[in-house]
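Novice: Before I ask anything, here is the structure I am working with.
The values are calculated or read from the model by the stated rules, or taken from the named source; none is laboratory data. Bear in mind the structure is a predicted one, so any value in this text is a computation, not a measurement. A quick note on method: Cβ atoms are made from the backbone with ideal geometry, for glycine too, and the neighbour counts reach across all protein chains shown.
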Amino acid sequence: MKKFTILDHELVPKHVLLTKEEKRELLERLAIRPDQLPWIRASDPVAKLIGAKPGDIVKIIRKSPTAGESIAYRFVVP
């Protein structure tokens, strides 16, 4: 039997850790520092589940009725 996690719930959007290369490309494209992104705490249940550490950037992919898909980024803080 599969163990249920909060990521399995339909209302929890998909969370993906960016690689170092993806992080660098995102920051260059937006011309910002990581701390200028909205924050997510490392103690957040989803951040803990995906192994996010302070300094990481998480890509959050939400389903949107109007846009189809909405992407947001969060900077992981302690």
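Novice: For region 4-27, state whether one or more residues are on the phi > 0 side of the Ramachandran plot and in a loop (DSSP other than H, G, I, E, B). Break it down into steps so the answer makes sense when it comes.
Specialist: Filtering region 4-27 for residues on the phi > 0 side of the Ramachandran plot gives none.
Among the residues of region 4-27, not one is on the phi > 0 side of the Ramachandran plot and in a loop (DSSP other than H, G, I, E, B), which makes the answer no.
Novice: Kindly indicate which of LEU37, LEU18, LEU49, LEU27 is surrounded by 10 or more Cβ atoms within 10 Å (Cβ to Cβ), closer than 16 Å to VAL77 by Cα and free of Cβ contacts under 8 Å to residues at least 40 places away in the same chain.
Specialist: Details: LEU18 fails: free of Cβ contacts under 8 Å to residues at least 40 places away in the same chain; LEU49 fails: free of Cβ contacts under 8 Å to residues at least 40 places away in the same chain; LEU27 fails: closer than 16 Å to VAL77 by Cα.
Matching residue, one of LEU37, LEU18, LEU49, LEU27: LEU37.
Novice: Another question, then. Out of the residues in region 52-65 meeting the condition of being of a type in the set (Gly, Ala, Ser) and either touching a Lys or Arg at 6+ places or on another chain (Cβ under 7 Å) or modelled with pLDDT of 95 or more (or both), tell me which one is surrounded by the fewest Cβ atoms within 10 Å (Cβ to Cβ).
Specialist: Of region 52-65, the ones of a type in the set (Gly, Ala, Ser) are 52, 55, 64.
Now restrict to residues that are either touching a Lys or Arg at 6+ places or on another chain (Cβ under 7 Å) or modelled with pLDDT of 95 or more (or both): 52, 55.
Numbers: ALA52: 21, GLY55: 13.
If we take residues in region 52-65 being of a type in the set (Gly, Ala, Ser) and either touching a Lys or Arg at 6+ places or on another chain (Cβ under 7 Å) or modelled with pLDDT of 95 or more (or both), then GLY55 is surrounded by the fewest Cβ atoms within 10 Å (Cβ to Cβ).
Novice: Using the structure shown, decide if ARG74 is closer than 17 Å to ILE6 by Cβ, among the charged types (D, E, K, R), in contact with a helix residue (DSSP H, G or I) (Cβ under 9 Å, 6 or more places away or on another chain) and part of a strand (DSSP E or B). Before the answer, list the steps.
Specialist: On the way: closer than 17 Å to ILE6 by Cβ: yes; among the charged types (D, E, K, R): yes; in contact with a helix residue (DSSP H, G or I) (Cβ under 9 Å, 6 or more places away or on another chain): yes; part of a strand (DSSP E or B): yes.
Criteria met by ARG74.
Novice: Test each condition in (1) within 10 Å of the chain's Cα centre (by Cα); (2) buried (at least 16 other Cβ atoms within 10 Å of the Cβ) for ALA72 and report the one that comes out false.
Specialist: All conditions are met except number (2).
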